[in-house]
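Read the figures in this text as sums done on the coordinates, not as results from a lab. Keep in mind that this is a model prediction, so the values were computed, not measured. Backbone-built Cβ (ideal geometry, glycine too); neighbour counts: all protein chains shown.
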Amino acid sequence: MSKEAQTEARPRRVRLTFGVLFKTEGAVSEVEKWLENYCDGQWNLIVEEMDDDLIKKSLKITFELEADKRLFINEYARA
């Protein structure tokens with residue numbers, strides 16, 4: 001197999017280099033729904049911490065695109 005064909009066969013590795021920590025008492029599914037609807041690039045969400053009552057959550061969200069990170073901060077996190 002040629003190097004060209006090998007490169008085409010491999011999926012593109014995405015770097016999620018733009019991160020934000022976000023604290024919320026809302027549902028994680030609502031944050032995920034917003035990210036799915038408004039982000040152009042890929043993203044990842046990890047629950048970093050949660051209180052014993054499962055109410056307060058600390059989320060680590062990483063983005064492929066800096067523009068998506070800014071959009072999240074300006075349109076969702078500050079809303």
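Scanning for something of a type in the set (D, E, K, R) and out of contact with any Phe, Trp or Tyr (no Cβ under 9 Å at 6 or more places or on another chain), does region 64-77 turn up at least one residue? No. I need the full set of residues from region 25-79 which are among the acidic types (Asp, Glu) and either within 27 Å of residue 13 (Cα to Cα) or in a helix (DSSP H, G or I) (or both), in order please. Across region 25-79, the qualifying residues are 30, 32, 36, 40, 48, 64, 66, 68, 75.
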